[in-house]
Amino acid sequence: MRIGIDIGGTKIEAAALDRDGAIRIRRRRATPPRDYAALLAAIKDLLEEVEAKLGGRASVGIAMPGSLSPATGLVKNANSTCLNGRPFDRDLIAALGRPLRFANDANCFALSEASDGAAQDAAVAFGAILGTGVGGGVVVRRQLLTGPNLIAGEWGHSPLPWPGDDERPGPACYCGKRGCLETFLSGPGLSLDHRSATGEEAEPAAIAAKAAAGDPNATRTIARYVDRLARGLATVINLIDPEVIVLGGGLGQIAELYRAVPQRWGAYVFSDRVATKLRPPRWGDSSGVRGAAWLWPEEDGGAL
Ligand SMILES: [Zn+2]
């Protein structure tokens, strides 16, 4: 058995997966706001509840917001939690009294889909998050690719490739630069582009729905988005040549992308044909707990 625990801004969720990846037990509780000690205690309680139900111990992986800084060992960039500036991995390992593995949300998404989801047949898979922000993760033979900076797959703050004159210098990004992929490919980026072109205020799902219904303005907005996403993913394909790319986040639900982007990316990939598949995710909102559990890919789940 493997247990994955997903720590979100509003809820903490735990799930126990059996050997085949079926979820056997699932529990959740509210994330204690602004209280680090209470957060650690809540995770411990949740794990004890799941293991009591299981009747034994299992390996535990943690999906966490933000990341552990390799330089300081402290959490950075975690939204809406009290983790920032804390040695969360050391503290939680001490609290739970066992080895743990940690990964951020985007990496858990990629690992979940590559383990037993839409990219399970891929030796190399890229999971792209297109939501409030843009992130990603790379999985090679069911192992997350990590590196000394812990940023493998983080393509959102690379520049939009092959920008047109009307795309330079691009929107300001919170990271301090302009024209990052995130400023074009995130949900707010899509809405901003639509507003700039039409004066209309609309959420991404509404823009996609209007485009699907034939609205000419929305159709042009989605066409610009498709071309930019094709350019962004072409650089990923040129670099790591994945068999499968899976799109997560709210914008990953736009069905048109799976038809239109592969028709466009051939213009940008440095190859006479592109065999990479673009697929919607299999697991959706469960990718946090599932990917966390699969941080222990060992045959026996790393049973303790
Ligand atoms: Zn940026």
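The values are calculated or read from the model by the stated rules, or taken from the named source; none is laboratory data. These numbers were taken from a predicted model, which means no experiment stands behind them. So basically every Cβ, Gly included, is an ideal-geometry build from the backbone, and we count neighbours across all protein chains shown. The protein model used for the area step is the full one, side chains on, heavy atoms only, and it has no ligands, DNA or RNA in it. Shrake-Rupley method; radii C 1.70, N 1.55, O 1.52, S 1.80 Å.
Here is how the numbers come out for the structure above:
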quantity: Portion, in percent, of the accessible area of region 71-152 that falls on carbon or sulfur, probe 1.4 Å; calculated: 52 percent
quantity: Virtual spin-label span in nm between L145 and I240, 7 Å along Cα→Cβ; calculated: 0.4 nm
quantity: Value of [θ]222 nm, deg cm²/dmol, for the chain, DSSP H segments ≥ 4, -39500 (n - 2.57) each, nearest 500; calculated: -11000 deg cm²/dmol
quantity: Across K177/K277; K177/K210; K11/K76; K44/K76, pairs whose alpha-carbon gap is larger than 26 Å; calculated: K177/K277; K177/K210
quantity: Model label zone, I93; criterion: amide N under 16 Å from point 7 Å along Cα-to-beta-carbon; scope region 263-304; calculated: 296
quantity: Extension gain, A71 back to Q253 (0.36 nm per residue minus Cα-Cα distance, nm); calculated: 61.9 nm
quantity: Nearest-0.05 FRET efficiency for Q263 and R57, computed from C-beta distance (R0 45 Å); calculated: 0.35
quantity: Scaled radius of gyration (Cα, divided by 2.2 N^0.38 Å) that region 127-202 gives; calculated: 1.25
quantity: Length-normalised contact order for region 1-49 - Cα pairs under 8 Å, 6+ apart - percent; calculated: 28 percent
quantity: Of L68, L239, L160, the one that fluctuates the most in a GNM where the chain has Cα springs shorter than 10 Å; calculated: L239
quantity: Ellipsoid semi-axes in whole angstrom, largest first, where each is sqrt(5λ) of the Cα gyration tensor of the chain; calculated: 35, 21, 18
quantity: Region 193-304: relative contact order as a whole-number percent, Cα under 8 Å and 6+ apart; calculated: 23 percent
quantity: Region 161-304: proportion of alpha-carbon pairs further apart than 25 angstrom, %; calculated: 37 percent
quantity: Segment E201-S271, extension gain: residue separation times 0.36 nm, minus the distance between their alpha carbons; calculated: 21.3 nm
quantity: Dipole of region 1-150, positive end: most advanced residue of A119, V138, L46 [Cβ charges, Cα centre]; calculated: L46
quantity: Cβ charges +1 (Lys, Arg) and -1 (Asp, Glu), total dipole of region 1-65, debye; calculated: 80 debye
quantity: Net charge, V226 excluded, C-beta distance under 11 Å - Lys, Arg +1, Asp, Glu -1; calculated: +4
quantity: Tilt relative to the chain, helix 105-116 - C-alpha long axis, 0 to 90 degrees, to 10; calculated: 80 degrees
quantity: Between region 135-159 and region 183-262, the Cα center-to-center distance that results, in Å; calculated: 21 Å
quantity: Where the chain is the region considered: accessible area per residue in Å², 1.4 Å probe; calculated: 46 Å²
quantity: Relative contact order (%) - region 47-150, alpha-carbon pairs under 8 angstrom, separation at least six; calculated: 20 percent
quantity: Cβ-Cβ FRET estimate between R27 and D165, R0 fixed at 41 Å, reported to 0.05; calculated: 0.15
quantity: Mean shadow area of region 31-145, taken as a quarter of the surface of its Cα convex hull (nm²); calculated: 8.2 nm²
